[in-house]
1. Answer with yes or no whether Val39 is within 16 Å of the ligand (Cβ to nearest atom), under 30 Å from His168 (Cβ atoms), of a type in the set (Val, Ile, Thr) and in contact with a Leu (Cβ under 9 Å, 6 or more places away or on another chain).
2. Quick check: anything in the stretch 55-67 away from the ligand (no atom under 16 Å from the Cβ) and either in contact with an Asp or Glu (Cβ under 9 Å, 6 or more places away or on another chain) or part of a loop (DSSP other than H, G, I, E, B) (or both)?
3. Look through the stretch 148-173, keep the residues that are over 17 Å from the mean Cα position of the chain (by Cα) and within 10 Å of the ligand (Cβ to nearest atom), and return whichever of them is nearest to Val439 (Cα to Cα).
4. Determine which member of the set Ala316, Ala284 is closer than 27 Å to Gln199 by Cβ, in contact with a helix residue (DSSP H, G or I) (Cβ under 6 Å, 6 or more places away or on another chain) and either in contact (Cβ under 8 Å) with a residue 24 or more places away in the chain or surrounded by 13 or more Cβ atoms within 10 Å (Cβ to Cβ) (or both).
5. Working only within the stretch 198-215, note down all residues that are of a type in the set (Val, Ile, Thr) and within 11 Å of the ligand (Cβ to nearest atom).
6. Of the conditions (1) of a type in the set (Val, Ile, Thr); (2) within 11 Å of the ligand (Cβ to nearest atom); (3) in a loop (DSSP other than H, G, I, E, B), Val333 fails just one. Which one is it?
7. What are the pairs with Cβ atoms under 6 angstrom where one residue, in the stretch 505-532, is over 29 Å from Asp408 (Cβ atoms) and the other, located anywhere, is modelled with pLDDT of 95 or more? Sequence gap at least six, or different chains.
8. I need the helices (runs of 4 or more DSSP H) fully contained in the stretch 370-485, keeping only those with at least 2 residues that are in contact (Cβ under 8 Å) with a residue 60 or more places away in the chain and closer than 19 Å to Phe507 by Cα.
Amino acid sequence: MQFEPRSAAPHFDVITIGAGFAGLHMLHTARSMGLSVRVYEAADDVGGVWYWNRYPGARCDVESLQYSYSFDNDLEQEWVWTERYAAQPEILRYIEHVAHRFDLRRDICFRSRVKQASYSESRQRWEVETESGDRATCRYLVMATGALSMPRLPDIPGMESFEGRIYHTGAWPHESVDFTGSRVGVIGTGSSGIQAIPQIARQAERLVVFQRTANYSVPAKNAPLEPEAERAFKAKYREYRALAREVGTVYEFSDKSAREVSDADRLREYERRWQRGGVNIVHAYNDLMRDKASNDTIAEFVRSKIREIVKDPETADSLTPKDHPLGTKRVCVDIGYYETFNRDNVALVDLKKTPITHVGPTGVQVGESWHELDALVCATGYDALTGALLAIDVRGRGGLQLRRKWADGPRTYLGLMTAGFPNLFVITGPGSPSVLVNVIVGIEHHVEWIAECIGWLRRHGHTTIEATRDAEDRWVQHVNAAAERTLYPMANSWFLGANIPGKPRVFMPYVAKIGVYRRECQEIADAGYVGFDIRPAQPGDSR
Ligand code: NAP
């Protein structure tokens, strides 16, 4: 089935799908190169995940001063963050400010969900169609669809029969949700659940937390951002940004192994970092993600904190992660998560002991126990990295469907392109560091690389660029080998697609430091895009 464009379909140099951090930066960059751009966005406005994730407690676990664009010096100086970790409304205001400041909305079609994108070999163009039938063509198609943007409701028998309110953290209503006087169940204890649970507990009459896998969480130690601290950081912004381009997020990195220090020194260091708050603790030693014995030391430290905070020993035991090394599932950052289980109105149900039997019209059955509920909050995560890409029917050369090509797991070259799909770029997709780094640093790298590539193609009179199968195969092996050298494959995480029944188990992100990855991408570009098949413009083809 080939898309038949109507002659009236407008043509652009670049079409970008998604108007979150990635899509907006791509739009701004492509526009400043003099390219014509259209962005399609399913939502009513800009923001991407920060548009949808309005659940109580939603905030970023990367510090505000680092979780922002670096491409414009004035922008980063003029924007004032109010807290160490910005909450969702503030991040959304920042994105809206960027959209306004660079006049981005005029090139964005909102309420436009793309359903199909097909490559026409004869026209060397992508033909894009939205669900409402809007069509356009472009030379370069950029997928800025997000790594964590396809919310996943759990497959629990009887979910559809529940007569109370059902929410997913990743698709939260715009109007405020009031749980006062309600009996609420939360399913899921990943980053979203761990942020939402303390907030919901304060409002609800009763909260039941259904936990399948206990997670490691560290305190955020969030606080108002002191103007003096902000000024000091901003004065050194260029230095910090340069470092972030190497390491993703700036933490206190160590060059020591956890094994080479005494037990007492190690505990002191973990305690210092615990008190300071945030993911910084995971960087206390340089081998925590590579050496199981080293990882055991930090895992045990966090377990001891859980036992210390949670008063009921049985609840503390259930909350204690035992089946995966710390960090192999994303470490959560919380505000009073473990303390919440000391409240009288909060109960934990350990689904590892007894799984949910079914959901009924008024509650949830777990073995012999019935939990009567007015509302269910699903903090059950996403079809990560590939979900949003494959939700669109993307067809490349010869009508090859991306869904079919990736049936056994995603295959990319540099995480940026995939063989058989000329001029199709992916931002923070599988095979790139994406979700393992401060995602804005990853996005900025990808946008710069794509822009440089398009500029190079145009300067050299080329029309198409496409990853070769051979280069792609080598990259996939390289990404797998990098993951195998770490502890990451030891957890059933969404990094592996393990949260989606039937999804191929492939470790999707590239675990290298972003600086290493950046140099790999740059060397390939500098050498004339090694591993890519590049084709010249056809006679009479202007763009
Ligand atoms: P998640 O990490 O995938 O967690 C989903 C939770 O739901 C897990 O506890 C999972 O248990 C549970 N679950 C899924 N299906 C279930 C079922 N059928 N029955 C019972 N439990 C079920 O999702 P998330 O919390 O939304 O976070 C996803 C990612 O988004 C994070 O890792 C992070 O990268 C990003 N995020 C970031 C922030 C932040 O910056 N602070 C906030 C939110 C999200 P299992 O572990 O057993 O599968």
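1. Working: within 16 Å of the ligand (Cβ to nearest atom): no; under 30 Å from His168 (Cβ atoms): yes; of a type in the set (Val, Ile, Thr): yes; in contact with a Leu (Cβ under 9 Å, 6 or more places away or on another chain): yes.
No.
2. In the first step, residues of the stretch 55-67 are kept if they are away from the ligand (no atom under 16 Å from the Cβ); the result is none.
So far as the stretch 55-67 goes, no, none of its residues is away from the ligand (no atom under 16 Å from the Cβ) and either in contact with an Asp or Glu (Cβ under 9 Å, 6 or more places away or on another chain) or part of a loop (DSSP other than H, G, I, E, B) (or both).
3. Leu153
4. On the way: Ala284 fails: closer than 27 Å to Gln199 by Cβ.
Result of the check over Ala316, Ala284: Ala316.
5. Initially, the stretch 198-215 is screened for residues of a type in the set (Val, Ile, Thr), giving 200, 208-209, 213.
Once the filter is applied, which keeps residues that are of a type in the set (Val, Ile, Thr) and within 11 Å of the ligand (Cβ to nearest atom), the stretch 198-215 yields Val209, Thr213.
6. Of (1) of a type in the set (Val, Ile, Thr); (2) within 11 Å of the ligand (Cβ to nearest atom); (3) in a loop (DSSP other than H, G, I, E, B), only one is false for Val333: (3).
7. Gly515/Glu246
8. Details: elements: 387-391, 402-405, 439-459, 469-484.
Counting at least 2 such residues, we get 387-391, 439-459, 469-484.
The values are calculated or read from the model by the stated rules, or taken from the named source; none is laboratory data. As the structure is a prediction and not an experimental result, all values here were calculated from the model. Every residue, glycine as well, gets a Cβ built from its backbone with ideal geometry; the counts of neighbours run over all protein chains shown.
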